[in-house]
1. Inspect all residues belonging to segment A:105-126 and state whether any of them is in contact with a Ser or Thr (Cβ under 6 Å, 6 or more places away or on another chain) and within 11 Å of another protein chain (Cβ to nearest Cβ).
2. If you take the residues of segment A:172-189 that are more than 17 Å from B:GLY123 (Cα to Cα) and touching a residue at least 12 places away in the same chain (Cβ under 8 Å), which of them is nearest to the other protein chains (Cβ to nearest Cβ)?
3. Test of understanding: among A:LEU100, A:LEU147, A:LEU157, A:LEU199, which residue is in contact with a strand residue (DSSP E or B) (Cβ under 8 Å, 6 or more places away or on another chain) and surrounded by 20 or more Cβ atoms within 10 Å (Cβ to Cβ)?
4. Could you check segment B:57-74 and list, in sequence order, the residues that are touching a residue at least 24 places away in the same chain (Cβ under 8 Å), within 16 Å of DNA strand C (Cβ to nearest atom) and more than 14 Å from chain A (Cβ to nearest Cβ)?
5. Being of a type in the set (Asp, Glu), modelled with pLDDT of 95 or more and more than 16 Å from DNA strand C (Cβ to nearest atom) narrows it down to one of A:ASP113, A:ASP77, A:ASP45, A:ASP88, so name that one.
6. Within segment B:33-56, which residues are away from every other protein chain (no Cβ under 14 Å) and more than 7 Å from DNA strand D (Cβ to nearest atom)?
7. Can you tell me which of B:GLU130, B:GLU137 is outside any loop (DSSP other than H, G, I, E, B) and either touching a strand residue (DSSP E or B) at 6+ places or on another chain (Cβ under 8 Å) or without any contact (Cβ under 8 Å) to a residue 24 or more places away in the chain (or both)?
Number of protein chains: 2
Amino acid sequence: MARATPEKRRSRTRGQAGNDRRTQIIKVATALFREKGYHVTSLDDIADRIGFTKPAIYYYFKSKEDVLFAIVNSIVDEALERFRAIADGPGSAGERIHALLVEHTRTILRNLDANTVFYNERGLLSPKREKEMRQREREYTEVMRSLYAEGVASGELLDIDPSVATATLLGASIWSYRWFDPKGRLSVDEVAEQIAKLLLNGYRR
Amino acid sequence: MARATPEKRRSRTRGQAGNDRRTQIIKVATALFREKGYHVTSLDDIADRIGFTKPAIYYYFKSKEDVLFAIVNSIVDEALERFRAIADGPGSAGERIHALLVEHTRTILRNLDANTVFYNERGLLSPKREKEMRQREREYTEVMRSLYAEGVASGELLDIDPSVATATLLGASIWSYRWFDPKGRLSVDEVAEQIAKLLLNGYRR
DNA sequence: CCTACCGATCGGTAGG
DNA sequence: CCTACCGATCGGTAGG
């Protein structure tokens, strides 16, 4: 069990190096949490793969949960930002929803590891943090819901319950994280376009 | 290991008692696995809620994973059965897909606890069992995929990749397990109809 | 179906 | 960022 000597202190400034290490821990943890799940992954697993020991992680994070939180938090931040930009942009309600769906799927599929952890493991956060996550997620669900309601009012969109519509459209997009194969024949952009097209037009020709 | 099987016990005076106990363990485990997740739920938690002690569970199950497997397995069985009945029934490809989607959503929402466990925790089964689950799931995905391809060939359905279409339609239906509120204003049937309607027609009026 | 208990794992800390 | 280690939890078993 001789530990692999980690390549110590690259000749860099202290702050930058610390940031790299933190980023590296997050990256490795993200991959492992996705592969095995949060509880099956031990801090030793993470440390081993990086090449140092468990207590090193506590130099950068206060707890295991904090590592998960860092991953989950970055995802929701990113999503919320993109949503607002598109929702506040030009176009009819229907056009903006289309743009939203394409962008949403793209964002998920381009960062599959972190998004998988987000959707699979966020329920394991402390009640307080989980509540906060739900709150921020509701914010961007609400952005789309009000867009949909606007489209129904103007007669542009199918008249069903806007909450059901929003949840269904987003769900169809989100679910791609479970079946998309980065090594498959279709690219992220192709899949994102096809999903959005199907939702816009329906499967009946 | 030289213990009596539950089957032997069942033939006693108490009749279905053994079976009831097993069913009760599954029911309680399903609720707890959904609430807290598989790994956060201990066998003591399950036993406590029923009112006996942990070793009693080992009278009915060989391991904790076997309890999870019993839950997950029943779900995939049920889904596969319903899928085949509808797919082999009457109607055009589009009509059968519609019926499939309504029924699929209904089945999930009527049995939310077990389906939530199925979709959230099945990845925690042993590699062998997980592979088996994936296999059976692919069977019913394939049922729908070939229906979709048939509809594209006949010109009835939107011409996109049948695999993408199938995954997206099913995903939109499945995702309802995450947002449906049994105490909300819409019933299971209403939600199932609205989802299917949206997918059939698209959100653009 | 119970009491009693074991072995292993693991998050986290002390102290350097 | 390391060595050494603790306390608690927990799946599972022995033996009745």
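1. Yes, segment A:105-126 contains a residue that is in contact with a Ser or Thr (Cβ under 6 Å, 6 or more places away or on another chain) and within 11 Å of another protein chain (Cβ to nearest Cβ).
2. Checked segment A:172-189; the qualifying residue nearest to the other protein chains (Cβ to nearest Cβ) is A:ALA172.
3. Answer to the selection: A:LEU157.
4. B:ILE57, B:TYR59, B:TYR60, B:PHE61, B:VAL67, B:ALA70
5. Of A:ASP113, A:ASP77, A:ASP45, A:ASP88, the one residue that is of a type in the set (Asp, Glu), modelled with pLDDT of 95 or more and more than 16 Å from DNA strand C (Cβ to nearest atom) is A:ASP113.
6. B:ASP45, B:ILE46, B:ALA47, B:ASP48, B:ARG49, B:ILE50, B:GLY51, B:PHE52, B:THR53, B:ALA56
7. B:GLU130
This table checks each residue for (1) within 16 Å of the chain's Cα centre (by Cα); (2) farther than 22 Å from A:VAL143 by Cα.
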position	(1), (2)
A:ASP44	no, yes
A:PRO55	no, yes
A:ILE75	yes, no
A:GLU78	yes, no
A:PRO90	no, no
A:ARG96	no, no
A:ALA99	no, no
A:GLU103	yes, no
A:TYR119	yes, no
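The values are calculated or read from the model by the stated rules, or taken from the named source; none is laboratory data. Keep in mind it's a predicted model, so treat the numbers as computed, not measured. Don't worry about glycine lacking a Cβ; one is built from the backbone with ideal geometry, like all the others, and counts go over all protein chains shown.
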